[in-house]
């Protein structure tokens, strides 16, 4: 059985080197990183007995302003 979860995250970034990037560039880079991070990954070691495993089959990243 598939389950759907919606979460809101807050990302704080700080420039550590190089020239300044625009807020739009930073937001796009964050969205790209989050979009590629989930699909195919698995969540394991959870559940009442610690042996459950779930695979992330799809994810969508939506910008919230």
Averaging the inverse of every distinct alpha carbon separation and then flipping it gives the Kirkwood radius. What is it for the chain, in angstrom units? 14.5 Å
For the chain, what does -39500 (n - 2.57) per DSSP helix run (n ≥ 4), summed and divided by total residues, give at 222 nm, in deg cm²/dmol to the nearest 500? -8000 deg cm²/dmol
Angle check, please: helix 23-38 long axis (alpha carbons) against the longest principal axis of the chain (alpha carbons), in degrees 0 to 90, nearest 10. 20 degrees
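Laboratory data are not the source of any read-out in this text; all were calculated from the coordinates shown. Since we're looking at a predicted model, the values are computed, not measured.
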